[in-house]
Amino acid sequence: MNPRLIAKIIGLLLLVSSGMMLPPAVVGMIYQDGDIIPFLEGFLFLALIGGSLFFTYRHIYAELKIRSGFLVVGSSWLIVGLAGAVPLYASDFLDLSLIDAIFESISGLTTTGATILTNIDDLPHSVKFYRQQMQWFGGMGIIVLAVAVLPMLRIGGMQIYKAETPGPMKDQKLTPRITETAKALWYIYLGITITCAVCYFMAGMSLFDAICHAFSTISIGGFSPHDASMGYFNNALIEAIAVIFMMIAGINFASHFMAWKAASIRTYMLDSEVRVFLGFMVIASILTSFQLYVTGTADSLFESIRQGTFQAVSVGTTAGFTTEPFYLWAGALPIMLMLFSTIGGCAGSTGGGFKVIRMILLFKMSMRELYRLIHPHGKYLVKINDKTVNYRVLDSVSAFFVQFLFLLCVFSILLAAFGADLTTAFSSSLACLTNLGPALGEAGPHYANISEGGKWVLSLAMIFGRLELFTLFILLIPAYWEF
């Protein structure tokens, strides 16, 4: 492990983070409603630290080993999360404590969408834009952005890409070179974001709202510059556009690349994960709409379908937008919606959760064991898209499932120990671990009432969820630190 090389990479990431402070400052200058100085101060502070690290070790060139890759990724999300909190903590309009600023920053960068802010409509445009921008950059990962730069510095990027990319099958590349892979991901991401913003604008949003909501829709983040989230607009067309783009963002970006390359949507239908994901969204929407209608929660059949479809897709993809306070809905609906978020989007998407591909593999592994009970001497292979899945991937999925349940229990217990009731403790732990955001109980409308200790716990849960457990878990193993 090369500490100087790691310091150089961290310095580069802090330089990238400093650049995130400039667009909100420009927005503040345009609207002239305050809070420009904190972003300029944040830019100078992070640029100074990042630049010092990077230029001090700029002559360090070495191959980045996989072990160092995990450390870089794990520490980077912690460091960038702290860096993102600088302007929020310095803002006189927000008047946040240190943990509140860190919580909001990590929630944005991990695209969780859990907020401690209230009266968002009254905030300066610079702050509102910054929250949305954090989610957009976090959606694809600041690390992936850096991967496009690292090879030019003669530092291998595939190790970082493997450690950060969501999903169990991490060895797939869109192009032969990792630099081109990262660029391809960003081009697709940027193109879909622009298309989404244009659709929002044409549907009636202001230009500012269209850009902000496009950022959080494609990143499946859920932040909104309005307290009422998407409910602020009360516009069925805007909600329909959001549903379409949330599902697009919930699909593996490798599938988008292949569909674009082949100029055919048939690529999606050939992918079993995409088919299951879309089927899951349809079933979740039908179940939610049916319960809204039967319980009389919505005023009409149309409203039941409208609210049910939007909320099922928003929660199911872990976006976390709301049109109604679903945590107050009758019966089992809130719990059912929270369980939908556990599955989340496809591997390689900006969605959180367990990922559809893992659920497919768990189901097939379960069926395999049942068939073995009937035919003990039979040989049964687990296949995806007619290809046999390597046993190491299956082992990884099983381990992920166990670790997910273990962390959910640990975080719930810790949150309860810090004073949260059981509903709040379990639902907020699940919402942060799956990067959903909205939860039940006290955390339904916002997380401001969670204790300081609880916010530290949930901040860690969000990072665990964003890095899909293994990247941070491996740093806790003593054998990792043996040289």
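Tell me yes or no: at least one residue of region 131-145 is among the small types (Gly, Ala, Ser) and either touching a Phe, Trp or Tyr at 6+ places or on another chain (Cβ under 8 Å) or modelled with pLDDT under 55 (or both). Yes, region 131-145 has at least one match.
Take Gly351 and tell me if it is within 26 Å of Gly441 (Cβ to Cβ) and buried (at least 19 other Cβ atoms within 10 Å of the Cβ). Taking the combined requirement at face value, the residue satisfies it. When Ser264 is tested against (1) over 20 Å from the mean Cα position of the chain (by Cα); (2) part of a helix (DSSP H, G or I), just one condition goes unmet, and that condition is (2).
Of all residues in region 269-280, those that are more than 24 Å from Glu180 (Cβ to Cβ) and either among the basic types (Lys, Arg) or surrounded by fewer than 23 Cβ atoms within 10 Å (Cβ to Cβ) (or both) total 7.
Within the option set Leu476, Leu373, Leu472, Leu381, being of a type in the set (A, V, I, L, M) and modelled with pLDDT of 85 or more holds for one residue only, Leu373. Note on region 298-339: residues that are free of Cβ contacts under 8 Å to residues at least 40 places away in the same chain, over 19 Å from Gly441 (Cα atoms) and part of a loop (DSSP other than H, G, I, E, B) total 3.
Elements of the type helices (runs of 4 or more DSSP H) sitting completely within region 369-483 and holding at least 1 residues that are over 24 Å from Leu337 (Cα atoms): these cover 391-417, 452-466, 470-473. Could you go through region 72-83 and let me know if any residue there is in contact with an Asp or Glu (Cβ under 7 Å, 6 or more places away or on another chain) and not charged (D, E, K, R). The answer is yes; a qualifying residue exists.
Give the residue that is surrounded by the most Cβ atoms within 10 Å (Cβ to Cβ), with candidates limited to residues of region 15-43 that are closer than 14 Å to Ala85 by Cα and among the aliphatic types (A, V, I, L, M). Only one residue tops the list, namely Met21.
Looking only at region 197-222, filter to residues that are over 21 Å from the mean Cα position of the chain (by Cα) and of a type in the set (Phe, Trp, Tyr); which one of those is nearest to Gly345 (Cα to Cα)? In this case the residue turns out to be Tyr200.
Of note, Arg67 satisfies the criterion of being among the charged types (D, E, K, R) and touching a residue at least 60 places away in the same chain (Cβ under 8 Å). Would you call Cys196 modelled with pLDDT of 90 or more, buried (at least 21 other Cβ atoms within 10 Å of the Cβ), in contact with a Lys or Arg (Cβ under 7 Å, 6 or more places away or on another chain) and assigned to a helix (DSSP H, G or I)? It is false that Cys196 is modelled with pLDDT of 90 or more, buried (at least 21 other Cβ atoms within 10 Å of the Cβ), in contact with a Lys or Arg (Cβ under 7 Å, 6 or more places away or on another chain) and assigned to a helix (DSSP H, G or I). Among the residues of region 1-46, those identified as farther than 18 Å from Ser75 by Cα and aliphatic (A, V, I, L, M) are Met20, Met21, Leu22, Ala25, Val26, Val27, Met29, Ile30, Ile36, Ile37, Leu40, Leu44. When you look at Ala443, is it closer than 20 Å to Gly141 by Cβ, at pLDDT 90 or above and either within 14 Å of the chain's Cα centre (by Cα) or surrounded by 23 or more Cβ atoms within 10 Å (Cβ to Cβ) (or both), yes or no? Taking the combined requirement at face value, the residue does not satisfy it. Taken over region 83-132, the criterion of being closer than 24 Å to Arg466 by Cα, surrounded by fewer than 24 Cβ atoms within 10 Å (Cβ to Cβ) and among the acidic types (Asp, Glu) is satisfied by Asp100 alone.
To keep it simple, each residue is scored yes or no on (1) surrounded by fewer than 23 Cβ atoms within 10 Å (Cβ to Cβ); (2) modelled with pLDDT of 90 or more; (3) touching a helix residue (DSSP H, G or I) at 6+ places or on another chain (Cβ under 9 Å).
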{"position": "Leu207", "(1), (2), (3)": "yes, yes, yes"}
{"position": "Phe223", "(1), (2), (3)": "no, yes, yes"}
{"position": "His226", "(1), (2), (3)": "yes, yes, yes"}
{"position": "Ala249", "(1), (2), (3)": "no, yes, yes"}
{"position": "Met258", "(1), (2), (3)": "yes, no, yes"}
{"position": "Ala263", "(1), (2), (3)": "yes, no, no"}
{"position": "Thr267", "(1), (2), (3)": "yes, no, yes"}
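Residues checked against (1) closer than 30 Å to Gly453 by Cα; (2) surrounded by fewer than 22 Cβ atoms within 10 Å (Cβ to Cβ):
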residue: Thr317; (1), (2): yes, no
residue: Gly344; (1), (2): yes, no
residue: Lys355; (1), (2): yes, no
residue: Glu369; (1), (2): no, yes
residue: Leu373; (1), (2): no, yes
residue: Arg392; (1), (2): no, yes
residue: Phe400; (1), (2): yes, yes
residue: Ser412; (1), (2): yes, no
residue: Phe418; (1), (2): yes, yes
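Residue count for region 95-135 under the criterion of being within 19 Å of Pro23 (Cα to Cα), of a type in the set (A, V, I, L, M) and assigned to a loop (DSSP other than H, G, I, E, B): the result is 1.
Within region 33-52, can one find any residue that is on the phi < 0 side of the Ramachandran plot, modelled with pLDDT of 85 or more, touching a Phe, Trp or Tyr at 6+ places or on another chain (Cβ under 6 Å) and assigned to a helix (DSSP H, G or I)? Looking for residues that are on the phi < 0 side of the Ramachandran plot, modelled with pLDDT of 85 or more, touching a Phe, Trp or Tyr at 6+ places or on another chain (Cβ under 6 Å) and assigned to a helix (DSSP H, G or I), one finds none in region 33-52, hence no.
Does Gly191 satisfy being loosely packed, with under 15 Cβ neighbours inside 10 Å, under 13 Å from Ala242 (Cβ atoms) and at pLDDT 90 or above?
The answer is no for Gly191.
The values are calculated or read from the model by the stated rules, or taken from the named source; none is laboratory data. For clarity, every value in this text was computed on a predicted model and none was experimentally measured. All Cβ positions, glycine included, derive from the backbone under ideal geometry; neighbour counts span all protein chains shown.
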